[in-house]
Structures are given as C-alpha cells and as structure tokens.
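The next block holds one structure in the form of structure tokens; read it before the comments.
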C-alpha cells in the first residue's frame, strides 16, 4: 500500500529564512510525487511534480523539491520565505499507469507559519 | 483560466437531511475525484471516476453516501441521511489521462458542510 509521512505538523520560520519541508513516501513501484499548497478556505494548488528524469524539480513561487530514491524522500525547499507562503503544504504519491494507480495518497500536511 | 467549480461553497443542514454537492470538472478532463478533509483524518479519497465510470469508491460509506457522474460536465456527491460526523470540507478534483498530464489533479475550492 502507498503512504506518505510528513513528520512536521507545524513549522515556523522568519521571513527571508530558508525552508525545508520533509516528505517520506512508501510506494511499490516508481512513484509520481507531488507537492500541493492550501491557503485558508481554498482548495489545493499544485506547486510541483516529479514523474521521471532530473531528480531536482522546480515549481511555482520559487519552490523546488528533490527526489531521493535511496531515502524514499521528496523534500520541498525554498531559499527565502515570503510572508505570503504561510499556508498548509501537502505531499502526495501515486502512479500513472492507469486504473487505480491514478489515486493519490496525501500526507497529513505541514502548516507553515511565517514570522515578520 | 480553467478551473474546477464546486457548489455550494458552504452548506449548513440538520441531521437527517439530504445533502447534494456538485462539481464541474475542467473541460476535457476525464477523471474526477471526491475527497473529504477533516482535522483528524486529513484528506481522504472517497470516490474516483474515469470517463464517467466509477473505478473506486472504497473510501465512501456505502450506506449513506453516493457519487455519480450524470454527464461529463457534472459530478455529484450525495449524503442521505446526513449526520454530524459528516461535517467536513469536501473537495472535488479533476484530471486527464493524456500522457503529458498523467495524474495531475486540479482541485476545486471545496464545499464546507456543517451538519447540526
């Protein structure tokens, strides 16, 4: 069965500081990995995705993530956080070969607070 | 700007009443997902459709929940009878099985349901 663990429930950083949100996954085949962001009262917005190829992927809003197969990790990073980045971040894993592999399994989320 | 549209955005009802939530997927998308989000359980997949056919509804309580796609532009999620424990935010997401967009899910803004 596929699963995602986001070890940090809540992280607080100062504006301008660097950020790393952790994500560990369990999946029986080559995973498709995603990071989504949810602002209060909103749906989830895709930040970035990894399907194959370069293990360092770039996303929107200056975010990047690195896929490390040996560690079963897909951590999200940003070099300098802005106050507008305060939100909840979800890591997700799934497959892409059709059928039930189109299901995504989401982590419980990490709530990011940004201090001025 | 293509987006998934969910109605209503908010719903307050009394226990025992029928609740219907609607979702208009992005035009051309052929997969639709229903999720429920609560503080305790996070994001749970309730049902998944591809080409309007239900592929997986194992996450849905069968006795009171039902999901349908009457046509390609409308998905519905019904709860009858509703109970206070159904209070949550319900998200619809759509996607496409075309190769370049495999397994990316685009989320609506959600329906916040309160059952009194």
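From the set of residues in segment B:65-87 that are in contact (Cβ under 8 Å) with a residue 24 or more places away in the chain and under 12 Å from the mean Cα position of the chain (by Cα), which is surrounded by the most Cβ atoms within 10 Å (Cβ to Cβ)?
Once the filter is applied, the top-ranked residue is B:75.
Taking into account only those residues within segment B:1-28 that are crowded, with 20+ Cβ neighbours inside 10 Å and assigned to a loop (DSSP other than H, G, I, E, B), which is nearest to the other protein chains (Cβ to nearest Cβ)? Talk me through it step by step, then tell me what you get.
Narrowing segment B:1-28 to residues crowded, with 20+ Cβ neighbours inside 10 Å: B:4, B:6, B:19, B:21, B:23, B:25.
Pick out the ones that are also assigned to a loop (DSSP other than H, G, I, E, B) and you get B:4, B:25.
Working: B:4: 7, B:25: 13 Å.
It comes out as B:4.
Would you call residue B:71 farther than 16 Å from residue B:7 by Cα and at pLDDT 95 or above?
no
Looking only at segment B:35-68, count every residue that is in contact with a helix residue (DSSP H, G or I) (Cβ under 9 Å, 6 or more places away or on another chain), in a strand (DSSP E or B) and modelled with pLDDT of 95 or more and tell me the total.
So the answer is 2.
Give segment A:31-53 a look and list any residue that's exposed (fewer than 12 other Cβ atoms within 10 Å of the Cβ) and within 13 Å of chain B (Cβ to nearest Cβ), or say none.
If we filter segment A:31-53 for residues that are exposed (fewer than 12 other Cβ atoms within 10 Å of the Cβ), which is where we start, we get A:40-41, A:52-53.
Answer for segment A:31-53, where residues must be exposed (fewer than 12 other Cβ atoms within 10 Å of the Cβ) and within 13 Å of chain B (Cβ to nearest Cβ): A:40, A:41, A:52.
Only one of (1) free of Cβ contacts under 8 Å to residues at least 40 places away in the same chain; (2) in contact with a strand residue (DSSP E or B) (Cβ under 7 Å, 6 or more places away or on another chain); (3) within 11 Å of another protein chain (Cβ to nearest Cβ) fails for residue A:95. Which number is that?
With (1) free of Cβ contacts under 8 Å to residues at least 40 places away in the same chain; (2) in contact with a strand residue (DSSP E or B) (Cβ under 7 Å, 6 or more places away or on another chain); (3) within 11 Å of another protein chain (Cβ to nearest Cβ) applied to residue A:95, the lone miss is (1).
Restricting attention to segment B:55-69, and to residues there that are in contact with a strand residue (DSSP E or B) (Cβ under 7 Å, 6 or more places away or on another chain) and more than 12 Å from chain A (Cβ to nearest Cβ), which single residue is farthest from residue B:93 (Cα to Cα)? Explain how you work it out, then say what you get.
The initial filter retains those residues of segment B:55-69 that are in contact with a strand residue (DSSP E or B) (Cβ under 7 Å, 6 or more places away or on another chain), namely B:55-57, B:59-60, B:64-69.
If we keep only those that are more than 12 Å from chain A (Cβ to nearest Cβ) too, we end up with B:60, B:64-69.
Working: B:60: 16, B:64: 21, B:65: 18, B:66: 17, B:67: 14, B:68: 14, B:69: 13 Å.
The residue in question is B:64.
The values are calculated or read from the model by the stated rules, or taken from the named source; none is laboratory data. Please read these numbers as outputs of a predicted model, since none were measured by experiment. Every residue, glycine among them, receives a Cβ derived from its backbone with ideal geometry; neighbour counts consider all protein chains shown.
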